[in-house]
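Asker: One structure, as structure tokens, below. Some questions next.
Rule-based calculations on the coordinates, nothing more; no lab input. Values in this document were obtained by computation on a predicted structure and should not be read as measured data. Note: ideal-geometry Cβ built from the backbone for every residue, glycine included; neighbour counts use all protein chains shown.
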Amino acid sequence: MTGTEIERLIQMLARLPGLGPRSGRRVALALLDKRESLLNPLISALENAERSVVVCGTCGNLDASDPCGLCVSSKRDDSKLCVVEDVASLWALERAGIYSGRYHVLGGVLSPLDGVGPEDLSISNLVSRAAKRFVSEVILALSATVEGQTTAHYVIDRLEESDVIITKLAHGVPMGGELDYLDDGTLGAALQARRPA
Ligand SMILES: [Zn+2]
């Protein structure tokens, strides 16, 4: 029905999060139908991203510079460190627009079933960062999933020696809720009403 080039394109698109074979076909057709307005700009955007986006060595965010814009910004509050599991959660908090401290991306959550242990996450780095004199509060903004909460307990244990207040997001994060799927208002309220962990 279609050539191998098109099949290959559909297969790659179908592997993207949120897509599947059916959406892959729709996207492939749209791209090939609108070369000037969609396909070519997408190729440029992909090439630029591949060339210039790096992982921030300090917080784990994605940006075109290392350290990232959030880590170097003089407008951010050095005394607060917000721990998130992934970059999607960091972006969700930034969209909510009510947090002005620094971030720390763990790079996942503890999950024995998937073989993810403490050494796979950026936890030692977090402990070092929390030990800095100017850090007074560590906010655990992890998903209300079993893995997220297990990870929160583990992080609290590891920070026991640190001289910081540890808080976590308040009610409003439904059980099983991933941060990226919360609306900005709910997430903002949960952060503002955070409580001791
Ligand atoms: Zn950073």
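Asker: If you take the charge dipole of the chain about its Cα centre, with +1 on Lys and Arg Cβ and -1 on Asp and Glu Cβ, which of LEU38, GLY57, LEU191 is farthest toward its positive end?
Answerer: LEU38
Asker: Given H placed 1.01 Å from N in the peptide plane, which residues other than close sequence neighbours of ILE165 have an amide H under 5 Å from its amide H?
Answerer: So ILE165 has HN proximity to GLU137, VAL138.
Asker: Need one word for region 22-108: rounded, prolate or oblate. Basis is the Cα gyration tensor (sqrt eigenvalues a ≥ b ≥ c); a/c below 1.5 gives rounded, then a/b vs b/c decides.
Answerer: Verdict is prolate for region 22-108.
Asker: Search the structure for amide H atoms under 5 Å from the amide H of LEU106, placed 1.01 Å from N in the peptide plane, and list their residues when 5 or more places away or on another chain.
Answerer: VAL84, GLU85, ASP86
Asker: Next question, about the same structure. When N counts the residues of region 62-197, how does its alpha-carbon radius of gyration compare numerically with 2.2 N^0.38 Å, as a ratio? List each step's numbers first, then the result.
Answerer: On the way: Rg = 13.9 Å, N = 136, 2.2 N^0.38 = 14.2 Å.
Computed over Cα atoms of region 62-197, the ratio equals 0.98.
Asker: OK, next. To the nearest 500 deg cm²/dmol, what mean residue ellipticity at 222 nm is calculated for the chain from DSSP H runs of n ≥ 4 alone, each contributing -39,500 (n - 2.57), summed and divided by the residues?
Answerer: Result for the chain: -12000 deg cm²/dmol, rounded to the nearest 500.
Asker: Something else now. Hand me the trypsin sites (Lys or Arg not before Pro) from region 1-74 located in a DSSP loop with no more than 14 other Cβ atoms within 10 Å, in residue order please. The partial results should precede the final answer.
Answerer: On the way: sites: ARG8, ARG15, ARG22, ARG25, ARG26, LYS34, ARG35, ARG51; in loops: ARG15, LYS34.
Those satisfying the criteria are ARG15, LYS34.
Asker: May I ask you to derive the FRET efficiency for GLU5 and VAL54 from their Cβ-Cβ distance with R0 = 30 Å, giving the value to the nearest 0.05? Provide the component values of the computation, followed by the final result.
Answerer: On the way: r = 31 Å, r/R0 = 1.03.
My answer for the efficiency is 0.45.
Asker: What are the extents of the Cα atoms of region 64-130 along their three principal axes, in Å, largest first?
Answerer: 40, 25, 23
Asker: Could you give the spread of the C-alpha atoms of region 113-169 along their three principal axes, from largest to smallest, in whole angstroms?
Answerer: If we take the Cα atoms of region 113-169, the spans are 37, 24, 14 Å.
Asker: Additional query: Would you mind classifying region 94-137 by shape? Square roots of the alpha carbon gyration tensor eigenvalues, ordered a ≥ b ≥ c; an a/c under 1.5 is rounded, otherwise it is prolate if a/b is larger than b/c and oblate if not.
Answerer: Details: a/c = 4.03, a/b = 1.46, b/c = 2.76.
Taking the square roots of the gyration eigenvalues as a ≥ b ≥ c, region 94-137 is oblate.
Asker: As a test of the definition: which semi-axes, in Å, follow for region 1-51 when you take the square root of five times each eigenvalue of its alpha carbon gyration tensor? Largest first, please.
Answerer: For region 1-51, the ellipsoid semi-axes come out as 19, 14, 10 Å.
Asker: Which residue fluctuates the most in the chain, going by a Gaussian network model with Cα springs under 10 Å, if the choices are VAL84, VAL54, VAL27?
Answerer: Of VAL84, VAL54, VAL27, the Gaussian network model singles out VAL27 as fluctuating most.
Asker: Given the options ALA131, ALA45, ALA64, which has the most mean-square fluctuation in a GNM of the chain, springs set between C-alpha atoms less than 10 angstrom apart?
Answerer: ALA45
Asker: Exactly which chymotrypsin sites (Phe, Trp or Tyr not before Pro) in region 117-197 are in a DSSP loop and have at most 11 other Cβ atoms within 10 Å?
Answerer: Answer in residue order: PHE134.
Asker: Using the Cα centre of the chain as the reference point, and only Cβ charges (+1 on K/R, -1 on D/E), how large is the resulting charge dipole? Debye, rounded to the nearest 20. Write out the running numbers ahead of the final one.
Answerer: Details: 20 positive and 26 negative charges, 86 e Å.
For this selection, approximately 420 debye.
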